[in-house]
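K.L.:
Structure below; questions to follow.
The values are calculated or read from the model by the stated rules, or taken from the named source; none is laboratory data. Being a predicted model, the structure only gives us computed values, none of them experimental. Counting neighbours? That spans all protein chains shown, and the Cβs are built from the backbone with ideal geometry, glycine included. Please note that ligands, DNA and RNA were not included when accessible areas were found on the heavy atoms of the full protein model with its side chains. Shrake-Rupley method; radii C 1.70, N 1.55, O 1.52, S 1.80 Å.
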Amino acid sequence: MTINNGTAVAAAPRSGPGPAATATAAPGQDETSGADLVLPLAAVGAVAVGAGYGYVRRTRRARTRTTPGGGHGEPAEARGLDELPEAEERARRSLVMADDCVRTSREELAFAEARFGGAAVAPFAAAVREAGTELAAAFALRRPHGDRTAATAATAATDPAGPPQVWAGVIGHCEEAGRVLDAAAGDFDDLRGLDRGVGGAVQVAETRFRELAGRTAAAESVRAGLAHRYAPSASDQVTGHAEQAKDRLMFATVHLNQARQAADRDERGAAIAHLRAAEGAVAQAAVFLDGIERLAAALDEAAALVPAALSGAEAERAAEAGTALPGVPAGETRSRVLHLDGVLASVRQELASGRPYDPLDALRRIVAAAAPLGAGRTGVLSAAALLVARSAVAAAADVVTTHRGVVGPEARTTLAEAERLLAAPGSTVGLLSADALARAARERAEQDVRFHGNPCADTDVGAAGTAGAAGAAGAVLGGILLGPSPTAPPASFGGPRTRARHGGGRSS
């Protein structure tokens, strides 16, 4: 796969051709096999992306890993410190854990809702929202302090009003988020009733699986169309998304079959574990495919909006002509006007050239140039700013969600602030800030993925006969499995104490 900058990451070999899948097995079958699900995807044997990512700095990652799902964020020495103070490091771990728990709980909640309906899952949806509120408060505390650097490390410990109190608050909010989810986990298990049989839940997962499998070819076509109609920068954020969706679906194929096999043998713990692994993979496949379709719609909407945004910016510039901006020297005002004129001329030239361009970036430049003149408070420029910010925030959230096994707290904190600004009613300037923060969060998350490389490099995930080998590396990167092994426990609804409860008795 590639991570935004076009750099290909090597893919490890897989055993067998990796057949593709449609869920066809029936709960009552006496014998099932890996061939029970056949993914209807053309040329899926060529898909080897999930075993990818060249392993980088293996020993350093091993020294700094703090959770079963892999190391989160760069090690301290890579950021100019020999070690982080204990309170800050604990806060970092707490943020990552709480964020993972909330994201996983939302995913499993969606499968329960699909089976039992919204009313039945309402108490658990409320628990997830409450945990999300606590998590947001933790991110809000950490955000003003950002990353600790070598320059600040020496003074922070001696500042009685500084970060130590902040880290304590972060940890407290994260622990409360985990407590809320842990408290709801038992009742959630009672609702799902997986210990009484996984047949109904498997059918829900297979239905979703088939729907996504049927969308992959169309998504590939949409992605190819974007590359043809727009500049490469417009669609590079979804490069490799279709391949990664296939990878997650191949992983789901294996574990849906194994869930049925374990259920036939009355191995209930193993059946639940395989089901949860498959559900996590299906949920992330949906994120990849949705990302392609959402970007295509945003780019088309942006392309239609660019001419109106140009006219709107010119109209607002004319309205401001000769008007002194409050508190701004006349020379500075003139400089801002000239800058806006230059941006508008540049965008018009791009449109007139007939060459592919990036319409979201064109809107971003127009709005950013007009905002210093006080323009964009209403109308088309405000709509353009909202479209750009929404697209950037969604793209960053996709990277964090589908690679949360290795994404650290910096990217998550920056994304949380971008989401807060996007959700809050505010000005065009606020939306521009949300856009900038979201793009920074995505870049940092992608750096974390490249830094950590292949989290399964130390295990023989490609050996023939290894359970879950197909797509296992991607599953670990995505936090679906809570360790660098294809037989690691899957993540489940709940907080830190309960999220791995369905990992016992897993067959290998």
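K.L.:
Give the number of residues within region 124-172 that are over 26 Å from the mean Cα position of the chain (by Cα), at pLDDT 50 or above and open to solvent by 40 Å² or more (accessible area, probe 1.4 Å).
P.N.:
Going through region 124-172 one residue at a time, the tally reaches 3.
K.L.:
Still on this structure: With respect to Thr216, determine if the residue is open to solvent by less than 40 Å² (accessible area, probe 1.4 Å) and among the β-branched types (Val, Ile, Thr). Steps first, answer last, please.
P.N.:
Numbers: open to solvent by less than 40 Å² (accessible area, probe 1.4 Å): yes; among the β-branched types (Val, Ile, Thr): yes.
Considered against the rule, which asks whether it is open to solvent by less than 40 Å² (accessible area, probe 1.4 Å) and among the β-branched types (Val, Ile, Thr), Thr216 comes out as yes.
K.L.:
For the condition modelled with pLDDT of 95 or more, open to solvent by 10 Å² or more (accessible area, probe 1.4 Å) and either more than 30 Å from Ser94 (Cα to Cα) or not in a helix (DSSP H, G or I) (or both), what is the one hit in Ala224, Ala183?
P.N.:
Numbers: Ala183 fails: either more than 30 Å from Ser94 (Cα to Cα) or not in a helix (DSSP H, G or I) (or both).
It is Ala224.
K.L.:
Tally time: how many residues in region 366-392 are closer than 24 Å to Arg444 by Cβ, in contact with a Ser or Thr (Cβ under 6 Å, 6 or more places away or on another chain) and either open to solvent by 10 Å² or more (accessible area, probe 1.4 Å) or at pLDDT below 95 (or both)?
P.N.:
Number of matching residues: 0.
K.L.:
Within region 258-273, does at least one residue satisfy the condition of being within 20 Å of Gly483 (Cβ to Cβ), part of a helix (DSSP H, G or I), of a type outside the set (Ser, Thr, Tyr) and in contact with a strand residue (DSSP E or B) (Cβ under 8 Å, 6 or more places away or on another chain)?
P.N.:
yes
K.L.:
Within the set of pairs 6 or more residues apart or between chains, which connect a residue that is farther than 16 Å from Thr253 by Cβ inside region 195-213 to a residue that is open to solvent by 10 Å² or more (accessible area, probe 1.4 Å) and assigned to a loop (DSSP other than H, G, I, E, B) with Cβ atoms less than 8 Å apart?
P.N.:
Gly199/Pro27
K.L.:
Collect the residues in region 393-427 that are outside any helix (DSSP H, G or I) and either of a type in the set (D, E, K, R) or open to solvent by 20 Å² or more (accessible area, probe 1.4 Å) (or both), keeping them in residue-number order.
P.N.:
Looking only at region 393-427, we keep the residues that are outside any helix (DSSP H, G or I), and these are 403-408, 424-427.
Of everything in region 393-427, those that are outside any helix (DSSP H, G or I) and either of a type in the set (D, E, K, R) or open to solvent by 20 Å² or more (accessible area, probe 1.4 Å) (or both) turn out to be Arg404, Ala424, Pro425, Gly426, Ser427.
K.L.:
Here's another thing I want to ask about it. Filter region 186-209 for residues that are among the small types (Gly, Ala, Ser) and in a helix (DSSP H, G or I); which is surrounded by the most Cβ atoms within 10 Å (Cβ to Cβ)?
P.N.:
Applying the first criterion (among the small types (Gly, Ala, Ser)) to region 186-209 yields 186, 193, 197, 199-201, 205.
If we keep only those that are in a helix (DSSP H, G or I) too, we end up with 186, 199-201, 205.
Working: Gly186: 11, Gly199: 16, Gly200: 15, Ala201: 23, Ala205: 26.
The selected residue is Ala205.
K.L.:
Residue under question is Arg348, and the condition is that it be in a loop (DSSP other than H, G, I, E, B) and more than 30 Å from Val287 (Cβ to Cβ); does it hold?
P.N.:
Against the criterion (in a loop (DSSP other than H, G, I, E, B) and more than 30 Å from Val287 (Cβ to Cβ)), Arg348 does not qualify.
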